[in-house]
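Just below is one structure, and these are the notes that go with it.
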Amino acid sequence: MSFQKLEFNEIPENEMLNRSVSLLNSLRMRRSVRDFSSRPVPAEIIHNCVKTAVSAPSGANKQPWRFVVVADPQIKKEIRNAAEAEEKEFYSHRATKEWLEDLNQFGTDWQKPFLETAPYLIVIFKEVIDTRGNESRKNYYVNESVGIATGFLLAAIHNAGLVSLTHTPSPMKFLQELLNRPENERAFLLIPVGYPAENAEVPEISKKTFKDVCMVC
Ligand SMILES: Cc1cc2nc3c(=O)[nH]c(=O)nc-3n(C[C@H](O)[C@H](O)[C@H](O)COP(=O)(O)O)c2cc1C
């Protein structure tokens with residue numbers, strides 16, 4: 001066990017307030033985008049966003065995540081084909097009536113052209129078991145940890161001036177197979193990233209208010 005001094009830069013209160021408003025106003029503008037431009041994006045920007053994601057906290061610092069950044073057009077095509085096959089099944093058989101009703105407002109269907117158009121697909125895997133040591137060990141709070149890292153990633157992508165979609169073609173086992181991921185990993189989310197298409201549209205939705213979701217006592 002060893003410790004180091006915390007690096008902490010105290011910020012004056014008025015500056016704290018400004019920063020809190022500034023991030024609020026920025027992240028409020030984030031939207032899930034389903035209509036991407038194929039305009040290239042420098043890989044370094046994407047890598048920096050992933051580096052931001054992996055700075056996230058995790059249960060017992062296990063960091064139970066793996067990120068696969070896909071830029072290869074052939075692999076993107078294979079992912080699209082496999083995702084569309086699953087989504088076709090989902091929309092025509094697997095989804096319940098209620099689920100389809102809830103999705104109606106987004107105008108989505110089985111077709112996922114953005115999986116080829118977006119310059120990058122970031123595929124996030126969760127590691128249920130840690131296989132780094134001599135013996136396999138269980139990871140703790142895997143969903144919570146990978147969810148937090150994903151939040152960091154989405155915020156970093158937005159902050160960099162790009163757009164993303166949190167996508168969950170269901171089931172996602174095909175990603176493990178296509179990307180040759182080991183048995184201890186499970187696909188968690190598929191995130192296309194890039195510029196929005198010109199004149200991209202997003203559904204008009206509303207968010208719950210602060211009062212709806214936060215109790216102050
Ligand atoms: C865990 C999760 C899974 C999602 N899966 C999909 C998906 O498979 N396809 C899709 O078009 N949108 C998906 N979304 C996007 C949501 O529909 C979107 O976040 C929500 O409608 C709110 O819109 P906003 O992100 O623009 O604020 C998903 C979002 C989350 C957080």
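Annotations
- Sorting 141, 120 by the number of Cβ atoms found within 10 Å of their own Cβ, with the fewest placed first, yields 141, 120.
- Magnitude of the charge dipole, the chain, Cβ model with Lys/Arg +1 and Asp/Glu -1, debye to 20: 300 debye
- Lys pairs under 19 Å by Cα in the chain, provided they are eight or more residues apart or on distinct chains: 16
- Under the Karplus curve 6.51 cos²θ - 1.76 cosθ + 1.60, θ = phi - 60°, whole-Hz ³J(HN,Hα) for segment 186-198, x wherever Gly or Pro sits: 10, 4, 10, 8, 10, 10, x, 9, x, 8, x, 5, 4
- The chain - mean residue ellipticity at 222 nm from DSSP helices (-39,500 (n - 2.57) per run, n ≥ 4, rounded to 500): -11000 deg cm²/dmol
- Karplus (6.51, -1.76, 1.60) ³J(HN,Hα), θ = phi - 60°, over segment 41-52, in Hz, Gly and Pro reported as x: 10, x, 4, 4, 5, 5, 4, 5, 5, 5, 4, 5
- Interchain or long-range residues, amide H under 5 Å from residue 120's placed H: 193
- Neighbour-count ranking [beta-carbon atoms within 10 angstrom, fewest first] of 52, 209, 166: 209, 166, 52
- Applying the Karplus relation 6.51 cos²θ - 1.76 cosθ + 1.60 with θ = phi - 60° to segment 85-99 yields 3J(HN,Hα) values of 4, 5, 5, 4, 4, 4, 5, 9, 10, 6, 5, 6, 4, 4, 4 Hz, where x marks Gly and Pro.
- Segment 71-217 shape via C-alpha gyration tensor axes, a/c threshold 1.5: rounded
- Ranked 93, 167, criterion: other C-beta atoms within 10 Å, fewest first: 93, 167
Quick note: the coordinates plus some simple rules give every number you see, no bench work behind them. Just so it is clear, the model here is predicted, and its values are computed rather than measured. As a convention, Cβ positions derive from the backbone with ideal geometry for all residues, glycine included, and neighbour counts pool all protein chains shown.
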